[in-house]
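Below you'll find the structure, written out as structure tokens, and then a few comments.
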Amino acid sequence: MTAIATDAPLLAVAGLTRRFAGLTAVDGISFAVAPGEVVSIIGPNGSGKTTTLNLVTGTIPAHGGTIELDGVRIDGADPVRIAEHGIARTFQNGRVFATLSVADNIEVGIHSTLRATRPFRRIGSRFLVRWIPLLGELVVAIVGTPAARRERREIDATIATEIDRFEARLGPRRDEPAYSLSYANRRRTEIARALAPAPRLLVLDEPTAGMNQSETAEVLQQLLELKAEGQSILLVEHKLDLVLTVSDRVIVMDGGRIIAEGDPQAVRRDPVVIEAYLGRRRGLGGEEEAS
């Protein structure tokens, strides 16, 4: 990753492109996320939303364009380096470690921030010497150091903080295996894990998928609290009421391109957006639009 001398926002995407065989899933899009801003990407199924998140987080490589986080180029970096640089995410199809407890799942999210218990972590990606960090971690785990013990206390405090965020739901289940949780609580565990490393940018891919109305309302409230705390969020979500409530800005994609961008209420009434979603002139909230 190469530092860029620029006054760019927290996340700056320019000309981002990704193809799958003959299909261009993301077609030269550009957008930005400012510090503390909540930006949502919406669009019909197959419009390129999740592919865009996968590109930003390094899950798949781009075929063109640039991605900068806080003035540093991260396109081409692997997901581990991107996580270490400050991006954490959830996935469209929730991913938890089924046999680990809620607390252990959250602890996994902190891994990219560890220092004392991960000596020599910077060389872990080099094939010939990647055994050195593993040996170092083993020695620290067996022998222990004052720094490692301090870090352990910090880990425990972070886990407690993130469980407290979902206290009514996750608190009583702190030590239960993830496979025993309800679907909604698995999603909450995944969000808590993504928040644990205190990311610069939180990337959420349909965090309320599969949730009922009351569960969705709980997540909306938690997103509003994160927004009030100044957390930068890049969100993909199909539930438009949630998007319109929590977002500072909305990006609309269709066919791999951005077809509209701006204030949530303005986007909601944009005829191009309405046509892409509904094929007729009806507002996204359900009311008829004037001809």
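The values are calculated or read from the model by the stated rules, or taken from the named source; none is laboratory data. Being a predicted model, the structure only gives us computed values, none of them experimental. Please note: Cβ atoms are built from the backbone with ideal geometry, for glycine as well, and neighbour counts cover all protein chains shown.
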Looking at this structure, is GLY36 surrounded by fewer than 20 Cβ atoms within 10 Å (Cβ to Cβ), over 18 Å from the mean Cα position of the chain (by Cα) and either touching a residue at least 12 places away in the same chain (Cβ under 8 Å) or closer than 13 Å to ASP205 by Cα (or both)? no
Take THR66 and decide whether it is in a helix (DSSP H, G or I) and among the polar types (S, T, N, Q). no
Hits in segment 65-76 - residues which are within 10 Å of ALA14 (Cβ to Cβ) and either out of contact with any helix residue (DSSP H, G or I) (no Cβ under 9 Å at 6 or more places or on another chain) or in contact (Cβ under 8 Å) with a residue 60 or more places away in the chain (or both): THR66, GLU68
Residues in segment 1-13 that are at pLDDT 95 or above and either exposed (fewer than 13 other Cβ atoms within 10 Å of the Cβ) or under 18 Å from LYS49 (Cβ atoms) (or both) total 2
Residue check, GLY210 against (1) on the phi > 0 side of the Ramachandran plot; (2) in contact with a Ser or Thr (Cβ under 9 Å, 6 or more places away or on another chain), all met but one. Which one? (2)
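Here is a yes/no grid of residues against (1) at pLDDT 95 or above; (2) surrounded by 18 or more Cβ atoms within 10 Å (Cβ to Cβ); (3) in contact with a Ser or Thr (Cβ under 7 Å, 6 or more places away or on another chain):
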site: ILE123; (1), (2), (3): no, no, no
site: ARG126; (1), (2), (3): no, no, no
site: ILE132; (1), (2), (3): no, no, no
site: ALA147; (1), (2), (3): no, no, no
site: TYR183; (1), (2), (3): no, no, no
site: LEU204; (1), (2), (3): yes, yes, yes
site: THR216; (1), (2), (3): no, yes, yes
I'm trying to understand the selection: among the residues of segment 149-188, which are more than 17 Å from ARG115 (Cα to Cα) and among the polar types (S, T, N, Q)? THR161, SER180, SER182, ASN185
Specify the residue that is surrounded by the fewest Cβ atoms within 10 Å (Cβ to Cβ); the eligible residues are those in segment 80-115 that are touching a Ser or Thr at 6+ places or on another chain (Cβ under 6 Å), farther than 24 Å from GLY36 by Cβ and at pLDDT 90 or above. VAL96
Is it true that some residue in segment 194-211 is of a type outside the set (A, V, I, L, M, F, W, C) and assigned to a helix (DSSP H, G or I)? no
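This table checks each residue for (1) small (Gly, Ala, Ser); (2) free of Cβ contacts under 8 Å to residues at least 24 places away in the same chain.
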residue: GLN222; (1), (2): no, no
residue: GLY230; (1), (2): yes, no
residue: ILE233; (1), (2): no, no
residue: LYS239; (1), (2): no, no
residue: VAL243; (1), (2): no, no
residue: SER247; (1), (2): yes, no
residue: ILE251; (1), (2): no, no
residue: ASP270; (1), (2): no, yes
Listed by first then second residue, the pairs whose first member lies in segment 163-175 and is free of Cβ contacts under 8 Å to residues at least 12 places away in the same chain, whose partner is among the β-branched types (Val, Ile, Thr), with beta carbons under 6 Å and at least 6 positions apart or on separate chains, are GLY171/ILE163
Within segment 56-77, the residues that are charged (D, E, K, R) and surrounded by 22 or more Cβ atoms within 10 Å (Cβ to Cβ) are GLU68
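Conditions (1) touching a residue at least 60 places away in the same chain (Cβ under 8 Å); (2) in contact with a Gly (Cβ under 6 Å, 6 or more places away or on another chain); (3) over 25 Å from LEU224 (Cα atoms); (4) buried (at least 24 other Cβ atoms within 10 Å of the Cβ), marked per residue:
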position	(1), (2), (3), (4)
THR17	no, yes, yes, no
GLY22	no, no, yes, no
ILE29	yes, no, yes, no
ALA32	no, no, no, no
SER40	yes, no, no, yes
PRO44	yes, no, no, no
LYS49	yes, yes, no, yes
ASN54	no, no, no, no
Of all residues in segment 11-52, how many are over 16 Å from ARG257 (Cβ atoms) and either in a strand (DSSP E or B) or not acidic (Asp, Glu) (or both)? 12
